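The next block holds one structure in the form of structure tokens; read it before the comments.
The values are calculated or read from the model by the stated rules, or taken from the named source; none is laboratory data. Please read all numbers here as calculations on a predicted model, not as lab measurements. Virtual Cβ from ideal backbone geometry, glycine too; neighbours counted across all protein chains shown. Note: areas computed on protein heavy atoms with side chains; ligands, DNA, RNA excluded. Shrake-Rupley method; radii C 1.70, N 1.55, O 1.52, S 1.80 Å.
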Amino acid sequence: MPKISYKIYNNIDRIDKKDWDAVFGDIPESYPFYKTLGNSGLAEFSFYYLVIYRDNEIVLIAPLFSADFNLDIAVEGALSRVIKQIRKFFPRFLVFKTLFCGSPFGEHGVLGIKEEFRNSPELIPRLLSGIKDSAFELGAPLVIFKDFLKDNTLLLDALICKGFTKVESFPAVLLDLNFSSFEEYLKSLGGSTRKSLNKKLRQAYARGNIEVKEVRDVNSQIDQIIQLYENTYHEGSTKFERLDKKFFLQVSEDLSLHTRFFLYYVDGSLAAFNLCFVYRDLLIDKFIGFNYDISNNYNLYFVSWAYNIKWCIDNSLRYYHPGQTDYEPKIRLGGKIVPLYAYLKHKNALFNFLLKLLAVFLKPDNFDRGIRN
């Protein structure tokens, strides 16, 4: 009878890359990506890896991370103001230390499972046992399986019977760029959208000299990039991660094969950057930053969008992931919604019941009209 056991590691170096690849296969954000996250020393996150063994053979790897999680992450308007007032007296109101299964920056959650083990009835119980032990050791009362694709729900829906609440996450967006030229892409858009985009691009290039540089090493521009990133971080209403200088430098070093920094200069001044990752026929638009005093006048959001689309087509990349949030323009410009799902459970029965009630209200399309349209 095979012995099923698990171990939890706090460093991906404890797992051989061959063993990792054997269960994950050839996925975009894989071993080097998670290694970079661990090497970045991000203060808000601690990374772990739950590994399930059958005898001495690895049959499952689950990337985990711990962080504080604000349940009101997507709340805006009057309710947001009420919560902020409450936090003046109770700073951790609706804030829980949380153990996540997934990645803070990945396009979606992943589980590496050996093919012949995927239908094993022992899978979810063993996975939950390891996560429960880890959450207890970390003092994390809340567990979240974060941003999993619909295909994964066939397996993960078993969590519902274990007391988890299934909710819709903020979806991903995907563009299928089956075009031979940028002009052909433009023709695929609705008439008013095509006219508006062309007008914005003409205005931008007529107002000044816009130059785009593609680099993989940003050591010489890192201080400016961090400032641009901070501008966008503070501008956004939905915040989860906050990156620092070391992260961007680590990406340049560890993921140089996949990394592309697109730097947007207006009349010689760096006005925006876009960090993207390239995997085979996919471009993942990961982080962006603007000098809003310049970028708004030069429509740099739309300039960067058009540049990325053209870059994909020119480099024979079929798919473009422009990231979560800000859905309305992305959908109008050809993006398709990719549903993602999360599973939540609090160890306290009362809090867990309240989570189920809160989940009904905190649906992403309640806070971003672009998802509903």
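Looking at the chain as a GNM with Cα springs under 10 Å, which of Arg242, Arg81, Arg54 has the largest mean-square fluctuation?
Result: Arg81 has the largest fluctuation of those listed.
Rounded to the nearest 0.05, what FRET efficiency is calculated for Ser180 and Tyr233 with R0 set to 35 Å and r the Cβ-Cβ distance?
Between Ser180 and Tyr233 the formula returns 0.40.
How far apart, in nm, are the 7 Å Cα→Cβ label points at Lys246 and Asp217?
According to this spin-label approximation, the distance is 2.2 nm.
What distance in nm separates the simple spin-label points at Lys356 and Asp157, each placed 7 Å from Cα in the Cβ direction?
Inter-label distance under the simple model: 1.8 nm.
Largest first, how would Leu149, Leu257, Leu282, Leu156 line up by accessible area (1.4 Å probe)?
Leu257, Leu149, Leu282, Leu156
Quick one: putting +1 on the C-beta of Lys and Arg, -1 on the C-beta of Asp and Glu, what dipole do you get for the chain around its Cα centre, in Debye to the nearest 20?
Approximately 1100 debye in magnitude.
Return the label of the correct value of P(r) over Cα pairs in 20 Å bins from 0, in percent, as calculated from the structure shown, out of (i) 20, 29, 18, 15, 9, 5, 3, 1; (ii) 26, 57, 17, 0; (iii) 16, 21, 18, 14, 11, 9, 7, 3, 1, 1.
The listed entry that was calculated here is (ii).
Compute the length gained on full extension between Asp55 and Asn297: take 0.36 nm times their separation in residues and subtract their Cα-Cα distance, giving the result in nm to one decimal.
Roughly 80.9 nm would be gained on extension.
Hey, any idea what % of the chain's accessible area is carbon plus sulfur with a 1.4 Å probe?
Heavy-atom surface of the chain belonging to carbon and sulfur, 1.4 Å probe: 51 percent.
For the chain, what's the relative contact order in percent, using C-alpha pairs closer than 8 Å and at least 6 residues apart?
Once divided by the residue count of the chain, the mean separation gives 21 percent.
Using only the alpha carbons of the stretch 168-296, what is the convex hull's orientation-averaged projected area in square nanometres?
Over every viewing direction, the Cα hull of the stretch 168-296 projects on average to 9.9 nm².
Please work out the average accessible area per residue across the chain, using the 1.4 Å probe convention, and give it in Å².
On a per-residue basis, 49 Å².
What is the gain in length, in nm to one decimal, between Arg92 and Asp26 on full extension, counting 0.36 nm per residue of separation less the C-alpha to C-alpha distance?
Extending this stretch completely gives an extra 19.7 nm.
From a point 7 Å beyond the Cα of Arg194 in the direction of its Cβ, which residues of the stretch 315-341 have a backbone N at a distance under 15 Å?
333-334
Can you give the helix-only mean residue ellipticity at 222 nm for the chain, where every DSSP H stretch with n ≥ 4 adds -39500 (n - 2.57) and the sum goes over all residues, rounded to the nearest 500 deg cm²/dmol?
-11000 deg cm²/dmol
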